[in-house]
Amino acid sequence: MECRDIQFRISEWVDGELKEAEITEVERHVSLCQSCSQIYDDFRIMRESSLNLPVFEPSDVVWSNIRAQLAFEGISEAKPEGSLWGRLFSRQFIPRLAPAYGTAIFLLTIILFGSTIYIYKTRELGPVAMTQEVEAIRPLQDAEQHYRKAIQALDEASRQKIQTVEPRMAEILNDNLATIDYYVQECQDAAQKSPGNPLIQKYLLAAYQKKAELLQSIVNSDVL
Amino acid sequence: MSFDLIRDPILLHRANAMGIQSLIMNLLRSSLLLALSAPFLVAGERFEKVFPVTKNPYVMITNYTGVVTVKGWQRQEVKVIAINFTKNVEIDTELIGGKVKIATHVLDKLATTEKAKVDYQILVPEDSNLDIQTNMGTLEVENIRGTIEIDAVEAAVIVHGVSGYLQARSLGSKLTISNASGMIQTNTVSGDILFVHLQSNSVNANSTLGNISYDGDFVSRGKYAFTTNEGAILIQCAEQASVEWDAKTVKGVIESDLPITSKKHSSVSRDNGRQSLLGTSNRGEATVQLSTFSGKIKIIRK
């Protein structure tokens, strides 16, 4: 056997799941091969370390909750034996989980149906169109970052300036800033819902741009 | 005092627009404010100055509150008539290297807007270039051929009969532009933008919350771009208008009663939640781009 095959079997060997003949073969290879020997040592150390880890015992409250939930689901008395698949599909287990299975299958169907439509639409657009759309949005997202930084830098300066103006004027400026903030938020929400929509990205960018311009004009204004 | 106000041509113009009843209410309100602010206000001190200027002078005007009127005339001089209503301001004027600077200087910036009020009537050569900043009140500009830059906060702006490049920005006030023929760029946050009978071949309007209204024809090979985020766009034009339409909205709606030949499969298509209108009226000589985030776009036949 090659190193690659041996390395797959080392884990099983450490866990005591190999037959005698297989153990002899792996053991012989590991004794001659330095890299496989290293892997075997690593697995052995990991296993010994894990055996020394303290056992976590959930509190009585946790157990009580689990039992209560199992009782509510009507499966607390179920003690199926055999393999996992055997237990899952045992006659006792299936009827009790029928509503849960039904829901899961229904959801799965919806997901599969949605995925199929999505894949169909994606294929219809084609990989080139998708790439172009992503490429088109990227510079907008970069610009968004720049505007956000600019806004952050101007925000404090404009706030200080607004404090020095007449109250009615301050109210007007704050109202208009709030209008833009509201709109920025609306665009952000829309962009989150439709992340691939370049038109929304452009609106969001325009909103940031407007906010930055307004802040700048407040800071630089001669009549404020 | 009240009689002086009524004789004021701008107030009379506004009176026609608002109706006599609302004018009387405004006068009563103004009188009450004047009475309360008596220690700071004066009964309108008149200030007048004339500057002889060369061709294409540059005129800078800065005011806080009040009515500002700027009109182009045939003389090569700038005439400034100001009415100062308060002791809280000083009027500074100067001529430096072909530039005329007219500025209201407010002594106590935290005083109420009424205590910063100055009205201006400024006559300038028609080929003047203007740079105007005003916060509140009214600004009217008429008959100018040079470039105009306007920055207003809450002052209603009316621009009429200008032919040079016009850039007007406002926060909350309405911009009204009529009979203009140069390149126009406008920008507001919550103020409406109104265009009436333009001959411009390049018009750009952008607002966050305000509505944009365009009433008139489109110039052949002209380019018009109107964007409002939350507001509506209303276009009123003749059926003979030769326009290539490109309208988009993210969450709003598009309506048109103008015959538009679609470029695509349908005149109004829905794609990924967007709505768009791509088509031409007649030969499609002018390009009109309309865009809103959630506002309505409406194209009406006149």
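Computed from the coordinates by the stated procedures, all read-outs in this text should not be read as laboratory data. All values derive from a computational prediction rather than experimental measurement. When we count neighbours, we look across all protein chains shown, and the Cβ atoms used for this are built from the backbone with ideal geometry, even at glycine.
Taking amide H as placed 1.01 Å from N in the peptide plane, B:V68 has its amide H under 5 Å from the amide H of B:Y120, B:T138, B:L139, B:E140, each at least 5 places away in sequence or on another chain. Going by neighbour counts of Cβ atoms within 10 Å, the residues B:T176, B:T261 line up, fewest first, as B:T261, B:T176.
Legend: mean number of C-beta atoms from other chains within 10 angstrom of residue C-beta atoms, peptide A:14-27, equals 0. For trypsin sites (Lys or Arg not before Pro), the sites in segment B:99-206 that DSSP calls loop and that have at most 16 other Cβ atoms within 10 Å are B:K109.
Sequence-distant contacts, meaning Cα pairs under 8 Å at least 6 residues apart, place the relative contact order of segment A:1-56 at 38 percent.
Expressed as a rounded percentage, what relative contact order does segment B:150-277 have, with Cα pairs under 8 Å and six or more residues apart? Mind showing how you got there, number by number?
Values: 304 pairs, mean separation 18.8, N = 128.
15 percent.
Backbone phi angles across segment A:22-32, fed through the Karplus curve with coefficients 6.51, -1.76 and 1.60 (θ = phi - 60°), yield HN-Hα couplings of 5, 4, 4, 5, 5, 4, 5, 5, 5, 5, 9 Hz in residue order; Gly and Pro are listed as x. The residues B:F226, A:F43, A:F8, when put in order of fewest to most other Cβ atoms within 10 Å, stand as A:F8, A:F43, B:F226.
Tell me the GluC sites (Glu not before Pro) within segment A:140-178 that lie in a loop according to DSSP and have at most 14 other beta-carbon atoms within 10 Å. Answer by residue number: there is no such site.
Listed from fewest to most Cβ neighbours within 10 Å, the set B:Y58, B:Y64 follows the order B:Y58, B:Y64. Other residues whose C-beta falls under 11 angstrom from the C-beta of B:S294 contribute a net charge of 0, scoring Lys and Arg +1 and Asp and Glu -1.
Packing, taken as the mean count of other beta carbons within 10 Å per residue, orders the peptides B:65-73, A:172-180 from highest to lowest as B:65-73, A:172-180. Close amide H contacts of B:I212 (hydrogens built in the peptide plane, cut-off under 5 Å, sequence separation of 5 or more or a different chain): B:I193, B:A232, B:I233, B:L234.
Taking each residue of A:198-206 in turn, how many C-beta atoms of other protein chains fall within 10 Å of its C-beta, and what is the average? Numbers along the way, then the final one.
Working: counts 0, 10, 6, 0, 5, 9, 1, 0, 6.
Neighbouring Cβ atoms belonging to other protein chains average 4 per residue here.
Assigning unit charges at the beta carbon (Lys, Arg +1; Asp, Glu -1) and nothing else, what dipole magnitude in debye, to the nearest 20, does segment B:40-132 show about its Cα centre? Mind dumping the intermediate values first?
Values: 12 positive and 12 negative charges, 11 e Å.
The calculated dipole for segment B:40-132 is roughly 60 debye.
Residues whose amide H lies under 5 Å from that of B:A225, counting only those 5 or more places away or on a different chain, are B:V203, B:N204, B:A205, B:Q289; hydrogens are built 1.01 Å from N in the peptide plane.
With a cap of 16 neighbouring Cβ atoms within 10 Å, and only residues DSSP puts in a loop, list the chymotrypsin sites (Phe, Trp or Tyr not before Pro) found in segment B:97-206. Intermediate results must be reported in sequence, preceding the final value.
On the way: sites: B:Y120, B:Y165, B:F195; in loops: B:Y165.
When the chymotrypsin sites (Phe, Trp or Tyr not before Pro) of segment B:97-206 are filtered for loop state and at most 16 Cβ neighbours within 10 Å, B:Y165 remain.
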